[in-house]
Amino acid sequence: VPATADIVVVGAGIAGASAVETLRRSGFAGRIVLVGDEPELPYERPPLSKDFLLGTTLESRLFLRPLEFFAEHAVELRLGQRAVALDIPARAVVLADGDRLSFERLLIASGAAPLRLNVPGSDLAGIHYLRTLEDARTLTAAIQRAQHSTAGGRAVVVGAGFIGAEVTAACRMLGLNVTLLDVLSLPLVRVLGERMGAVFAELHRAHGVDLRLGEGVAAFHGAARVEEVVTTSGARLPCAFVVVGVGVRPAVGWLAGSGLKLDNGVRVDDYCETSTPGIFAAGDVACWPYRPVEAEAQWVRLEHWDNALRQGAAAARNLLGRREPYAPVPYFWSDQYDRQLHVVGHAPVWEQLVLRGDPLASTFAAFYLAGGRVRAALAVNRPRELVTLKKLVGAAVEPRLLADEESDLRALIPKPGNA
Ligand SMILES: Cc1cc2nc3c(=O)[nH]c(=O)nc-3n(C[C@H](O)[C@H](O)[C@H](O)COP(=O)(O)OP(=O)(O)OC[C@H]3O[C@@H](n4cnc5c(N)ncnc54)[C@H](O)[C@@H]3O)c2cc1C
């Protein structure tokens, strides 16, 4: 009979690592087992589409903590081990090698995995997805081969969301020719809307990207490796390699049939707890109630580093019996060329977009308003305003003052007690 772990964490990404660290920092002395299907210690994904591709961040700098840290904190690592099932009545996680890990409490932090394209030729070599360190190593090698090839390297990037836009920028900065394709009408449009999407379309074009919008992939051609992308409008694009970034889906396959409530990931309440008491979820895999000020709650599943870190920590405290609602201001960043984007809040719809500064300049901000309140904001190259912007999410403010570069944003922050 295998010993019971007090707490099992499935998924050794940011959310899982943040949770185990918080458990120990909170004084929890019970047995902790951290299960991860990747062979690596927990590491940072954001650099994989940015500085790591550019070669300015070395692989060794990606890891959150060295191996000794986990040993010192008595966190049992089961890396390179996939959880294949959850047996709720037995309170056990089943691993791919048949082992069963019993738990008293469980944290699901299995993250998300890339959606795959399914068109003729999509199994050819040279078609890359980017989620893991191993993916990034392979892509780096492909970029280097293209850089050194006399044929001149063209990369085709499929999907102009954040990952696709970042990879495009990195490849351009490394001197490759890049075609960026998207079936949608503008880059980043799902999150930032049309007005800002147009700004980033302009940015990529100004950097020499062949941006093709309203156009998808019909097929990939090549003998063994991809040599050409055929688009839905019939264009044929010769290429050295392809990168696909068309979104992710929550990694819940292993939970099928467990009885756990799944709906766009694992449904959790304000305390990160699932429909089954004692089983929690956090990070990219979790769908939780976001409660904006003076508006209806929304079920959200965020794919942001900051959310994984904070929700992992919040789940850990709730695993220990605290009743601490998880109520963050959502936040993420992105780097493209010399632009650093910060996005705070969450606004699936808005009524008004207020600009502060010229969006074609290298620095500006944009505020997304609904119901007279700031619901989200984008800031480009304004890192020092980030704290202020977070405090403005939910605030009822005069659009005129947001737009006026002379007015101090800090003065618009609601005073405690009269939001
Ligand atoms: C290339 C890239 C760039 C990004 N850039 C940014 C950025 O600039 N800013 C930002 O805010 N966010 C960024 N993100 C998103 C951010 O990295 C994610 O939100 C974050 O990694 C989510 O952490 P997580 O721990 O929830 O999930 P993950 O990081 O996905 O970790 C989950 C882990 O669980 C493992 N796993 C899955 N299923 C199982 C199973 N059945 N058994 C065992 N293990 C399993 C997975 O393999 C993975 O190792 C980026 C993501 C990528 C891929």
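The values are calculated or read from the model by the stated rules, or taken from the named source; none is laboratory data. All of these numbers come straight from a predicted model, not from anything done at the bench. Every residue, glycine as well, gets a Cβ built from its backbone with ideal geometry; the counts of neighbours run over all protein chains shown. Calculation scope for accessible area: heavy atoms of the full protein, side chains included, ligands and nucleic acids excluded. Shrake-Rupley method; radii C 1.70, N 1.55, O 1.52, S 1.80 Å.
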> Check Leu211: other-chain or 5+ apart residues with amide H under 5 Å from its amide H, H built from backbone geometry?
Replying inline: Leu180
> Does the chain come out rounded, prolate or oblate, given a ≥ b ≥ c as the square roots of the eigenvalues of its C-alpha gyration tensor, rounded meaning a/c under 1.5 and, failing that, prolate meaning a/b above b/c?
Replying inline: oblate
> Using mean Cβ contacts within 10 Å as the protection proxy, how do 10-22, 225-237, 388-400, 192-204 order, highest first?
Replying inline: 10-22, 192-204, 388-400, 225-237
> When only C-alpha pairs under 8 Å and at least 6 residues apart count, what is the relative contact order of segment 168-221, in percent?
Replying inline: 44 percent
> Over the heavy atoms of His73, what accessible area does a 1.4 Å probe trace out, to the nearest 10 Å²?
Replying inline: 60 Å²
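Leaving out ligands and nucleic acids, and using a 1.4 Å probe, what accessible area per residue does the chain come to in Å²?
So the chain comes to 44 Å² accessible per residue, rounded to a whole number.
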> Given H placed on each backbone N at 1.01 Å, which residues far from Val300 in sequence or on other chains put an amide H within less than 5 Å of it?
Replying inline: Trp288, Tyr290
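Starting from 0.36 nm per residue, how many nanometres of slack lie between Thr4 and Ala223 once their C-alpha separation is accounted for?
That pair, Thr4 and Ala223, stretches by 73.7 nm at full extension.
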>> Computing the accessible area with a 1.4 Å probe over protein heavy atoms, can you report the carbon and sulfur percentage for the chain?
In response: 51 percent
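Starting from the exponent 0.38 and prefactor 2.2 Å, build the expected Rg for segment 176-262 from its residue count and divide its actual Cα Rg by it.
1.41
So what is the relative contact order of the chain, in percent, for Cα pairs below 8 Å that sit 6 or more residues apart?
Reported as a whole number, the value is 14 percent.
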> Quick one: Karplus J couplings for segment 175-189, per residue in order, coefficients 6.51, -1.76, 1.60, θ = phi - 60°, nearest Hz, x for Gly and Pro?
Replying inline: x, 7, 7, 9, 9, 10, 10, 8, 5, 7, 7, 8, x, 6, 5
>> Assuming 0.36 nm per residue, please report the length gained on full extension of the stretch Val119 to Val183 beyond their Cα-Cα distance.
In response: 21.6 nm
